[in-house]
Amino acid sequence: MIVLGIYGSPRKGGNSDQLLDRALKGVAASGAEVKKIYARHIKISGCLECGGCDQTGICVQKDDMSQIYPLLEESNVIILATPIFFYSPPAQIKAIIDRAQACWAKRFLTKPPEARKRHDSGIGYLIAIGATKGKKLFDCTKLVAKYFFDALDMAYGGDLLIRGVEKKSDILKRSDALDAAYELGKKAARAEQVGSTLL
Ligand SMILES: Cc1cc2nc3c(=O)[nH]c(=O)nc-3n(C[C@H](O)[C@H](O)[C@H](O)COP(=O)(O)O)c2cc1C
């Protein structure tokens, strides 16, 4: 079992980093193998919408995504952790997600329509955190994450959504959120559905 943690924040050691660190501790405690991607370290362009992957399922661009695609493919579970920037994930993580268009194309090419109703490549979870407390704070990001996982042929396993945390490391004062992240990690290592937790 390989669990891939995707760190979505541009801010090293920030709130979503701390939550994902805690979740991956839960994963490791359950005996699964942990791998990590830091979106802030990945040098990639956005999707060119050139249609190059339509016939092959392979992106024509040669950049750091060449190392990311195999990780996305080999992982049984992905935990995506992201801050909310203008009600959506930051550009760094959105660029990775947009480049998953090649994965979407591959799934379309290799699975017949009936089989595409299923997700056969694992399960994805979302951890998201924002400063405000509005009702719709996570709506956009949840949809983005769901369809990212769908492109990877992964089911959406659920999420942990934390509101009202802004300054770097303020999350360390929220033991409820850190404990919930650890629990999510433990369940993710068993690929269990976790539903939605809003704190
Ligand atoms: C460019 C930018 C846009 C942001 N947009 C929002 C927003 O739309 N809603 C919100 O609640 N917080 C917003 N925030 C605050 C962050 O989501 C919040 O500080 C979060 O805790 C940062 O997590 P991190 O430390 O993991 O990066 C924004 C922050 C930045 C820098």
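Which value, in debye to the nearest 20, describes the size of the charge dipole of the stretch 101-199 about its Cα centre when Lys and Arg Cβ atoms bear +1, Asp and Glu Cβ atoms bear -1, and nothing else is charged?
180
SER45 to ALA131: FRET efficiency via 1/(1 + (r/R0)^6), r the Cβ-Cβ distance, R0 35 Å, to the nearest 0.05?
0.75
Let me check something: with ligands and nucleic acids excluded, how do TYR125, TYR38 order by accessible area (1.4 Å probe), largest to smallest?
TYR38, TYR125
Check the straight Cα-Cα distances from LYS168 and name the aspartates and glutamates below 13 Å, setting aside those fewer than 8 residues away within the same chain.
ASP17
From Cα pairs below 8 angstrom and at least 6 apart in sequence, can you work out the relative contact order of the chain, rounded to a whole percent?
Result for the chain is 30 percent.
With the Cα gyration tensor of the stretch 2-198 in hand, convert its eigenvalues to equivalent ellipsoid semi-axes via √(5λ) and list them largest first in whole Å.
Largest first, the stretch 2-198 gives 27, 18, 15 Å.
Gain in length, ARG116 to PHE86, computed as 0.36 nm per residue apart minus the alpha-carbon separation, to one decimal in nm? Walk me through the intermediate numbers first.
Numbers: separation 30, 0.36 × 30 = 10.80 nm, distance 3.17 nm.
Extra length available between ARG116 and PHE86 comes to 7.6 nm.
Roll a 1.4 angstrom probe over the protein heavy atoms and tell me the percent of accessible area of the stretch 1-114 that is carbon or sulfur.
55
For the chain, with only Lys/Arg (+1) and Asp/Glu (-1) charged at the beta-carbon, what is the dipole magnitude about the Cα centre, in debye rounded to 20?
480
In the stretch 2-198, with Lys and Arg counted as +1 and Asp and Glu as -1 at Cβ, which of these residues, CYS59, GLY122, PHE148, has the Cα nearest the positive end of the dipole, that is, farthest along it?
Selected residue: PHE148.
For every helix of n ≥ 4 consecutive DSSP H residues, a contribution of -39,500 (n - 2.57) applies; sum these over the chain, divide by its total residues, and give [θ] at 222 nm rounded to the nearest 500 deg cm²/dmol.
That comes out to -11000 deg cm²/dmol.
Sum up the charges of everything whose Cβ sits under 10 Å from the Cβ of PRO83, counting Lys and Arg as +1 and Asp and Glu as -1, but leave PRO83 out.
Net charge around PRO83: -1.
With every protein chain present, what is the per residue accessible area of the chain (1.4 Å probe, Å²)?
49
May I ask what percent, to the nearest 5, of DSSP beta bridges between residues of the stretch 2-198 are antiparallel?
Bridges in the stretch 2-198 are about 5 percent antiparallel.
In whole angstrom, note down how far apart the Cα centers of the stretch 1-43 and the stretch 60-97 are.
Taking the Cα centre of the stretch 60-97 as reference, the centre of the stretch 1-43 is 12 Å away.
Provide the gained length on full extension for the span ILE58 to ALA29, in nm with one decimal, where the gain is 0.36 nm per separating residue minus the Cα-Cα distance.
Computed gain between ILE58 and ALA29 is 6.9 nm.
Among ILE37, SER169, THR82, pick out the residue whose Cα is farthest towards the positive end of the charge dipole of the stretch 2-198, where Lys and Arg carry +1 and Asp and Glu carry -1 on C-beta, about the Cα centre.
SER169
What is the sum of charges around LYS43, taking Lys and Arg as +1, Asp and Glu as -1, for the other residues whose C-beta is under 9 Å from the C-beta of LYS43?
Spelling it out: positives minus negatives among the neighbours equals -2.
Between exposed GluC sites (Glu not before Pro) in the chain, where DSSP calls loop and at most 16 other Cβ atoms lie within 10 Å, what's the longest gap? Working shown, then result.
Working: sites that count: GLU49, GLU114, GLU166, GLU192.
Answer - 50-113.
Just to be sure I follow the definition: excluding the sites themselves, where is the longest run in the chain that has none of the trypsin sites (Lys or Arg not before Pro) in a DSSP loop with at most 15 other Cβ atoms within 10 Å?
With trypsin sites (Lys or Arg not before Pro) excluded where exposed in loops, the chain gives 63-117 as its longest stretch.
Using Cα atoms only, what is the angle between the long axis of helix 101-110 and the major principal axis of the chain, expressed in degrees (0 to 90) to the nearest 10?
The angle comes out at about 50 degrees.
The values are calculated or read from the model by the stated rules, or taken from the named source; none is laboratory data. Please read all numbers here as calculations on a predicted model, not as lab measurements. Here Cβ is always computed from backbone atoms with ideal geometry, including for glycine, and neighbour counts include all displayed protein chains. All accessible areas refer to the heavy atoms of the entire protein, side chains included, with ligands and DNA or RNA removed. Shrake-Rupley method; radii C 1.70, N 1.55, O 1.52, S 1.80 Å.
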